[in-house]
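One structure below.
Just so it is clear, none of the values below were taken in a lab; they were calculated from the coordinates. Predicted model only: the values in this text are computed from it and were never measured. Methodologically, a virtual Cβ is constructed for each residue, glycine included, from the backbone with ideal geometry; neighbour enumeration extends over all protein chains shown.
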Amino acid sequence: MPRKSESKAKKDSQLILRLDQRDRDAFVRLCKDMDTTAAREIRTFIRDFLKKNG
């Protein structure tokens, strides 16, 4: 379930990255198994990283 601020915030930027196809597929599959999305988990990681290091 998206956070209220996350669902209302306008996302107008992209971050493109390259990674091994197997890692990407495993990550997406694990996210799906955990009832979340890869994008949501990456956004959470970035927010947590910024809080910790910003």
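Couple of notes before you dig in:
- Computed over the chain, the Cα gyration tensor eigenvalues convert (square root of 5λ each) into semi-axes of 21, 15, 12 Å, ordered from largest to smallest.
- Helix-only CD estimate at 222 nm, as mean residue ellipticity for the chain, using -39500 (n - 2.57) per DSSP H run (n ≥ 4): -19000 deg cm²/dmol
- With a simple spin-label model that places each label point 7 Å from the Cα along the Cα-to-Cβ direction, the separation between T37 and D12 comes to 2.0 nm.
- Assigned charges on the beta-carbon of Lys, Arg, Asp, Glu; the chain dipole about Cα centre (debye): 320
- Taking 18 Å as the straight-line reach from the Cα of K51, the aspartates and glutamates in range (excluding those fewer than 8 positions away in the same chain) are E6, E41.
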